[in-house]
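The values are calculated or read from the model by the stated rules, or taken from the named source; none is laboratory data. No experiment lies behind these values; they were computed from the predicted model shown. Cβ sites come from the backbone with ideal geometry, for glycine too, and all protein chains shown count toward neighbours.
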Amino acid sequence: MTACCALLVAAATGLTACSGLTPGADAGDSAAGPVSTKIPEGKVTLTIASSENAGTTKALGKAFEARHPNVTVDFQYTGPEDYDKSLNLKLSSDNAPDLALLNKLGTTVKAGLVRDLDPYVKAYGWDKVYPSSQLDQWRSTKDGKELGTGRHWAAPAGFSVVGVYYNKEIAAKLGIKPPSNRAEFDAALVKAKAAGQLPVQLGNLIGHSAFIVQSIANSADGAAITSSWVNGHLGSTIKSRGGQDGARSLATWAKEGYLPPDANGKDLQGSVADFTKGKGLFLFNGSWDAQVIDKAMKGKAGFFPFPGEDGKVTGIGTSVAYAIPTKAKNPDLAAAFLDFMNTPEAARIQFSTGFLPVAHADKVKAADGHVMNDVAKAWDEINTSNGLVNFFANSTPTMNDTLTSHSQQLIGHKITPQEFLDAVQDDWAKGHK
């Protein structure tokens, strides 16, 4: 699950083109000195270090060059595994790039290798453009331990989000519409089972049942509460009303036969393959598989955010994000490129290369009938509700292993929902000492 998220984050980057960057005076204070929103004059090169391989950053770079002919964007690609291993060394060198993709905060922030972006947030007004649930994912304390608070260290550049895919043909035969609340969702499960259909397709070999647990927890508790837990805020617990509901529901769905009997032996790709073959009414999964699903079942798949209890919707997701290294030679130009990421032009580039835009979701569209249109609509609803929550698996370095092993035991009826929650909270407590 974490690998999936990280690689997706490393798969595309969304940037957007605004109608001209307005030159501005110096704004804000920074350890590195005052900042400016002016584009440098004369020939200048913006270097970008990244492990993103979907073509998004390159396309954004070309668009940025077109707006600013004096700027050349030098995109420096390294494969994801080698990139993460060598990142801190690259950032600490005298030839540090102007922008660097971050897959996570932590040691990079603690070592002082990336610039505090708060002055740029203020200068460009990013806190008024981005929903806080997006921007806060890249905030942390200076030791990198507590997320969602403290300084801004990176800016999001294209998102992936988890929701619920559904088989339109099965739903139509059963008279089921996309649920607007939890009661309707539960009723759809019962109806599908009674009709001999598998209610929920699932591959849990590496813990993707966490998508189910977290979707329910987000819905019941609200994004603010679950985000506090993911971000490591003192006093947070997974043993909330929503966490208990999520764990109990997963256990109940397994007992009632709402999940495939081979769920624990099947990976995410296997569950997608089975879903596209008509095995399952629902599939909890991310936007990263939208193209695969649409290609295999053209026009026959839909997508919706898991319904919230209060009329607000939530979604699980995170982004590709770029930071400005402390040793960057052109930090103001780098910030201008980050600002370019939240424009309508960048939104279209992000969307066309497989990512959800950081802003202007209403300005993007796929071919008629494509499931990505449903994904974009859900993304807009999630942002309107400020309902984005980072993945449970990202809460500690070992959380994905804990979620995998204990969810498999829960589905296999070897532990209780309470024992599952105890194990998850124990991992969280150890990870946030």
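Looking at (1) in contact with a helix residue (DSSP H, G or I) (Cβ under 9 Å, 6 or more places away or on another chain); (2) assigned by TED's automatic domain parsing to the domain that holds Phe340; (3) buried (at least 17 other Cβ atoms within 10 Å of the Cβ); (4) of a type in the set (Val, Ile, Thr), which is the one condition that is false for Ile170?
Of the numbered conditions (1) in contact with a helix residue (DSSP H, G or I) (Cβ under 9 Å, 6 or more places away or on another chain); (2) assigned by TED's automatic domain parsing to the domain that holds Phe340; (3) buried (at least 17 other Cβ atoms within 10 Å of the Cβ); (4) of a type in the set (Val, Ile, Thr), the odd one out for Ile170 is (2).
Here are some conditions: (1) crowded, with 20+ Cβ neighbours inside 10 Å; (2) without any contact (Cβ under 8 Å) to a residue 24 or more places away in the chain; (3) of a type outside the set (S, T, N, Q). Asp368 meets all but one. Which one does it not meet?
Here Asp368 clears every test but (1).
For residues that are among the hydrophobic types (A, V, I, L, M, F, W, C), more than 28 Å from Arg139 (Cα to Cα) and buried (at least 18 other Cβ atoms within 10 Å of the Cβ), tally how many sit in the range 280-303.
Residues meeting the conditions: 8.
Of all the residues that make up the range 107-133, how many are aromatic (Phe, Trp, Tyr) and not in a helix (DSSP H, G or I)?
Within the range 107-133, the subset aromatic (Phe, Trp, Tyr) is 120, 124, 126, 130.
Of the ones still in play, those that are also not in a helix (DSSP H, G or I) are 130.
Final tally of qualifying residues: 1.
Considering the range 193-241 alone, what residues qualify as being over 20 Å from Glu309 (Cβ atoms), of a type outside the set (A, V, I, L, M, F, W, C) and free of Cβ contacts under 8 Å to residues at least 60 places away in the same chain?
Gly196, Gly235 - these are the residues of the range 193-241 that are over 20 Å from Glu309 (Cβ atoms), of a type outside the set (A, V, I, L, M, F, W, C) and free of Cβ contacts under 8 Å to residues at least 60 places away in the same chain.
Give the residues of the range 59-80 that are over 14 Å from Thr47 (Cα atoms) and among the aliphatic types (A, V, I, L, M), sorted by residue number.
Ala59, Ala63, Ala66
Which pairs do you get when a residue that is more than 14 Å from Pro357 (Cβ to Cβ), found in the range 51-69, comes within reach of a residue that is among the charged types (D, E, K, R) and outside any loop (DSSP other than H, G, I, E, B), reach meaning Cβ atoms under 8 angstrom, with the pair 6+ apart or on two chains?
Going by the 8 Å Cβ cut-off, the qualifying pairs are Ser51/Asp84.
Quick one: in the range 264-309, which of the residues that are within 18 Å of the chain's Cα centre (by Cα) and part of a helix (DSSP H, G or I) is farthest from Gly207 (Cα to Cα)?
Gln291
Here are Trp229, Trp253: which of them is buried (at least 17 other Cβ atoms within 10 Å of the Cβ), at pLDDT 95 or above and either assigned to a loop (DSSP other than H, G, I, E, B) or more than 23 Å from the chain's Cα centre (by Cα) (or both)?
Values: Trp229 fails: either assigned to a loop (DSSP other than H, G, I, E, B) or more than 23 Å from the chain's Cα centre (by Cα) (or both).
When all the criteria are applied, what remains is Trp253.
Residues that are over 30 Å from Thr326 (Cβ atoms) and touching a residue at least 40 places away in the same chain (Cβ under 8 Å): does the range 133-143 have at least one?
no
Would you be able to say whether some residue in the range 119-131 is among the small types (Gly, Ala, Ser), buried (at least 17 other Cβ atoms within 10 Å of the Cβ) and closer than 30 Å to Lys279 by Cα?
No, because not a single residue in the range 119-131 is among the small types (Gly, Ala, Ser), buried (at least 17 other Cβ atoms within 10 Å of the Cβ) and closer than 30 Å to Lys279 by Cα.
I'd like to check which helices (runs of 4 or more DSSP H) are fully inside the range 311-422 and have at least 3 residues that are within 15 Å of the chain's Cα centre (by Cα).
Hits in the range 311-422: 371-384.
Lys104 passes all but one of (1) part of a helix (DSSP H, G or I); (2) within 24 Å of Leu356 (Cβ to Cβ); (3) not hydrophobic (A, V, I, L, M, F, W, C); which number fails?
Evaluating Lys104 over (1) part of a helix (DSSP H, G or I); (2) within 24 Å of Leu356 (Cβ to Cβ); (3) not hydrophobic (A, V, I, L, M, F, W, C) leaves (1) as the failure.
Please find, among Thr107, Thr37, Thr78, Thr56, the residue that is out of contact with any Gly (no Cβ under 8 Å at 6 or more places or on another chain), in the same structural domain as Leu147 (by TED's automatic domain parsing) and of a type in the set (S, T, N, Q).
The match here is Thr78.
Kindly check whether there is at least one residue in the range 21-28 that is over 21 Å from the mean Cα position of the chain (by Cα), crowded, with 18+ Cβ neighbours inside 10 Å and modelled with pLDDT of 50 or more.
no
Can you confirm whether Asp310 is assigned by TED's automatic domain parsing to the domain that holds Lys168, surrounded by fewer than 22 Cβ atoms within 10 Å (Cβ to Cβ) and in contact with a Leu (Cβ under 9 Å, 6 or more places away or on another chain)?
Numbers: assigned by TED's automatic domain parsing to the domain that holds Lys168: yes; surrounded by fewer than 22 Cβ atoms within 10 Å (Cβ to Cβ): yes; in contact with a Leu (Cβ under 9 Å, 6 or more places away or on another chain): no.
Spelling it out, it is not the case that Asp310 is assigned by TED's automatic domain parsing to the domain that holds Lys168, surrounded by fewer than 22 Cβ atoms within 10 Å (Cβ to Cβ) and in contact with a Leu (Cβ under 9 Å, 6 or more places away or on another chain).
Which members of the range 66-95 meet the condition of being touching a helix residue (DSSP H, G or I) at 6+ places or on another chain (Cβ under 9 Å) and in a helix (DSSP H, G or I)?
Hits for the range 66-95 are Arg67, Pro80, Tyr83, Asp84, Leu87, Asn88, Lys90, Leu91.
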